[in-house]
Structures are given as C-alpha cells and as structure tokens.
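Asks: The structure follows.
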Amino acid sequence: MASTLKATPTITVFRGSKNPGAYVWSPFVTKLETRLRFASLPYRTDAGSPKSAPKGKIPYTTISEPHTSAAATSLADSGLIIEKLKENGFLHDLNAGLSCEQKAHDMALTALLEDKLYFYQVYERWHENYHIMRANIFGFMPYPLQVLVGFLAYRSMSAALYGQGTSRFAGGEISAFRKQIWESFNALLVVSQRKSVAVGKRENSDSKLNRNDGLFWLLGGTEPSEVDAVLFAFVCSTLVCKAGPESREVVKSFPALLDYAERIHNRYFPDYAHWE
Ligand SMILES: N[C@@H](CCC(=O)N[C@@H](CS)C(=O)NCC(=O)O)C(=O)O
C-alpha cells in the first residue's frame, strides 16, 4: 500500500460484556474487531454498557494517541469509529482501489446486513427467544431485577421494531426474508470461492485454493473490502448467538458462508473460541 500509517494508538473496544477470548452476540462489535484485525491494529476489550455509551449503543471505543497528553477520545458507532480511524491515519481505506460501481455495491451490501437483516434478527432474538436473550444480557443481575430490566428492554425493543416496520410482518414472513438474504450472500460467495480456486490453479499452487490461505472475499477480489468485516461479523454473530436458533440453522445450511467465516476465523481470530 502506498501511504504509511501513524504510530499505534491505544484502543479500547467496549463490547457490552467482558467475555475475553470469545465473540459477543453483537454483529457491530465483531465488525469493529474484525476491521481492526484486518489491519493488525491492536486493541483491548472491556465491558462498558449501552448506558455509558456516547450514543447509547455498543460498540463504543476510547482512543488515545501516542506521544500526546490529550485525554482519550470517546467514539461511538462501528462505522463512524472506522471512518475516524481512517481519517486519523490509523487504518487504510480497504475500498480505495475499488471502482465507483464496486464502492456502491460494498455500501449497498453493508446496508442490507445492517439496516435490514439486523432488524429481522433482532425480531428473532427479542421477540421469539426473549428468555434466552434476557439471560444472556442481564443474567449477572439478581433475578427480580432481571425480570424488571428485561421487561423494560423488551418494551423498548418492541417499540423500535414496530416503528422501524419489521414487527408489522408475520413471523413466517420475517423468517422468509432472513432466509432470502442469507441465500443471496451465499450465492455471491460461491462465485468468489470459484474465482479463488481458479486463481489457485492458475498459480499452479499445490493447494486447490489461492496462496492466501484460501481466503476469499465478497466482492471477489484478492483482498477484503469494507463489507467483508460486516459480513463476517453477521455470520459469526448468527453462529454464536443462542437466541437465534432458526437463523443459525439457515447459515449452517450454506457451505460457502461457513467456509468463508471459518477461514476468516482461523486467520484473524485464532485466539477466540470457535462457534459450536
Ligand atoms: N449503528 C450502530 C449500531 C449498534 C447497535 O445497534 N448495537 C446494539 C447491539 S447489537 C445495541 O447496543 N443495542 C442496545 C440498545 O439499542 O439499547 C453501530 O454500527 O455501532
């Protein structure tokens, strides 16, 4: 890459729970961690909570720059955090070499995951598997408090899903929408996977896949683009989350999605527990 990056800052990612060495259930947290790991930018993790987050959601971060006495900057929103790190010269733009058409695809696929699939999954987690969700988030509290805080969270989540529109559909319709989206991503990955195998063969390598550990990327290039951090995070979050059993089975039925995530996990998250 042409430009050089600045000296490493101290980054703390607040993930909602400590859980060291494990993925959390939030796709946005894993998206940010994946993006940092794609760039080999070190970070530490801490629990934090939406209550103390600048925008009321996780993830959020504190970043302190080296060789300065300035206070650490608090940043919120996975996308804005990544943009800020690029602006400050700590991350390269993964989309710098893409055509304007590819950049638009990258953005549109990100929106499909974050602004559509996310809400269908929230419905499955909070509406259809509420007790599992409550135990995961509020399990550390005494039981009566879990019931009260869980109810308040459920009420606010239900209002958000109604306002956003998802819960105006029937459960079966939402389930079909989820499946359709996963099917589309799997189909795109099948094409990238084939392309990667073809490159491997052309390179006359011993392995069937290319020399890059067989990693392949959503837009079919030899390097990840920004959407790859998002897609990996959604696949991973779906595989680790116990409150989304139907989505987990759907993802498990698509070999290209599993292969894609497996290879990224092995390369970038060898220190994290694998999903079951
Ligand atoms: N646009 C935000 C979305 C973050 C988000 O929705 N986080 C969820 C967890 S997956 C959250 O904190 N929800 C708590 C709440 O809404 O109160 C990002 O990219 O960081």
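The values are calculated or read from the model by the stated rules, or taken from the named source; none is laboratory data. The structure presented is a predicted model; accordingly, all values stated were derived computationally and were not measured. Glycine also receives a Cβ, built like all others from the backbone with ideal geometry; neighbour counts cover every protein chain displayed. Note: areas computed on protein heavy atoms with side chains; ligands, DNA, RNA excluded. Shrake-Rupley method; radii C 1.70, N 1.55, O 1.52, S 1.80 Å.
Asks: What pairs come out if I take residues in the range 14-38 that are at positive phi and pair them with residues that are charged (D, E, K, R) whose C-beta lies under 9 Å away, six or more apart or interchain?
Replies: Correct list of pairs: Gly21/Asp271.
Asks: Within the range 18-29, track down each residue that is open to solvent by 30 Å² or more (accessible area, probe 1.4 Å), within 11 Å of the ligand (Cβ to nearest atom) and either over 8 Å from the mean Cα position of the chain (by Cα) or at pLDDT below 95 (or both).
Replies: Listed by number, the list holds a single entry, Trp25.
Asks: Have a look at Leu113, Leu152, Leu94 and point out the one that is at pLDDT 95 or above, crowded, with 18+ Cβ neighbours inside 10 Å and part of a helix (DSSP H, G or I).
Replies: None of the other options fit; the residue is Leu113.
Asks: Can you tell me how many residues in the range 55-79 are surrounded by 14 or more Cβ atoms within 10 Å (Cβ to Cβ) and of a type outside the set (Ser, Thr, Tyr)?
Replies: Number satisfying all stated conditions: 10.
Asks: Return yes when Glu101 is part of a helix (DSSP H, G or I), closer than 26 Å to Gln180 by Cα, out of contact with any Leu (no Cβ under 9 Å at 6 or more places or on another chain) and more than 10 Å from the ligand (Cβ to nearest atom) and no when it is not.
Replies: yes
Asks: Is it the case that the range 153-170 has a residue that's hydrophobic (A, V, I, L, M, F, W, C), in contact with a Gly (Cβ under 7 Å, 6 or more places away or on another chain), more than 16 Å from Pro27 (Cβ to Cβ) and within 13 Å of the ligand (Cβ to nearest atom)?
Replies: The answer is no, given that none of the residues of the range 153-170 is hydrophobic (A, V, I, L, M, F, W, C), in contact with a Gly (Cβ under 7 Å, 6 or more places away or on another chain), more than 16 Å from Pro27 (Cβ to Cβ) and within 13 Å of the ligand (Cβ to nearest atom).
Asks: Scanning the range 50-81 for residues that are hydrophobic (A, V, I, L, M, F, W, C) and within 9 Å of the ligand (Cβ to nearest atom), which turns out farthest from Ala39 (Cα to Cα)?
Replies: Selected residue: Ala53.
Asks: Return the residues of the range 167-200 that are open to solvent by less than 50 Å² (accessible area, probe 1.4 Å) and polar (S, T, N, Q); say none if nothing qualifies.
Replies: Those that are open to solvent by less than 50 Å² (accessible area, probe 1.4 Å) and polar (S, T, N, Q): Ser167, Ser175, Asn186, Ser192, Gln193, Ser196.
Asks: Can I ask one more? Can you tell me which of (1) more than 25 Å from Met133 (Cβ to Cβ); (2) open to solvent by less than 20 Å² (accessible area, probe 1.4 Å) is the one Ala104 doesn't meet?
Replies: With respect to (1) more than 25 Å from Met133 (Cβ to Cβ); (2) open to solvent by less than 20 Å² (accessible area, probe 1.4 Å), Ala104 is out only on (2).
Asks: Next up: Answer yes or no as to whether Glu101 is more than 30 Å from Lys6 (Cβ to Cβ), touching a helix residue (DSSP H, G or I) at 6+ places or on another chain (Cβ under 8 Å) and among the charged types (D, E, K, R).
Replies: Considered against the rule, which asks whether it is more than 30 Å from Lys6 (Cβ to Cβ), touching a helix residue (DSSP H, G or I) at 6+ places or on another chain (Cβ under 8 Å) and among the charged types (D, E, K, R), Glu101 comes out as no.
Asks: Report whether or not Arg194 is assigned to a helix (DSSP H, G or I), out of contact with any Phe, Trp or Tyr (no Cβ under 8 Å at 6 or more places or on another chain) and farther than 26 Å from Glu249 by Cα.
Replies: Taking the combined requirement at face value, the residue does not satisfy it.
Asks: Looking for whichever is within 15 Å of the ligand (Cβ to nearest atom), under 18 Å from Pro224 (Cβ atoms) and not assigned by TED's automatic domain parsing to the domain that holds Phe138 here; the options are Leu41, Leu32. Which one fits? Give the derivation first.
Replies: On the way: Leu41 fails: within 15 Å of the ligand (Cβ to nearest atom).
Being within 15 Å of the ligand (Cβ to nearest atom), under 18 Å from Pro224 (Cβ atoms) and not assigned by TED's automatic domain parsing to the domain that holds Phe138 holds for just one of Leu41, Leu32, which is Leu32.
Asks: Here's another thing I want to ask about it. Residue check: is Leu218 under 23 Å from the mean Cα position of the chain (by Cα), part of a helix (DSSP H, G or I), among the hydrophobic types (A, V, I, L, M, F, W, C) and crowded, with 17+ Cβ neighbours inside 10 Å? Can you show your working first?
Replies: Numbers: under 23 Å from the mean Cα position of the chain (by Cα): yes; part of a helix (DSSP H, G or I): no; among the hydrophobic types (A, V, I, L, M, F, W, C): yes; crowded, with 17+ Cβ neighbours inside 10 Å: yes.
So Leu218 does not fit the description; no.
Asks: Looking only at residues in the range 72-81 that are outside any loop (DSSP other than H, G, I, E, B) and more than 25 Å from Leu188 (Cα to Cα), which one is modelled with the lowest pLDDT?
Replies: Thr73
Asks: Condition first: of a type in the set (S, T, N, Q) and not in a helix (DSSP H, G or I). Now tell me which residues in the range 127-149 satisfy that.
Replies: Within the range 127-149, just Asn129 meets the criteria.
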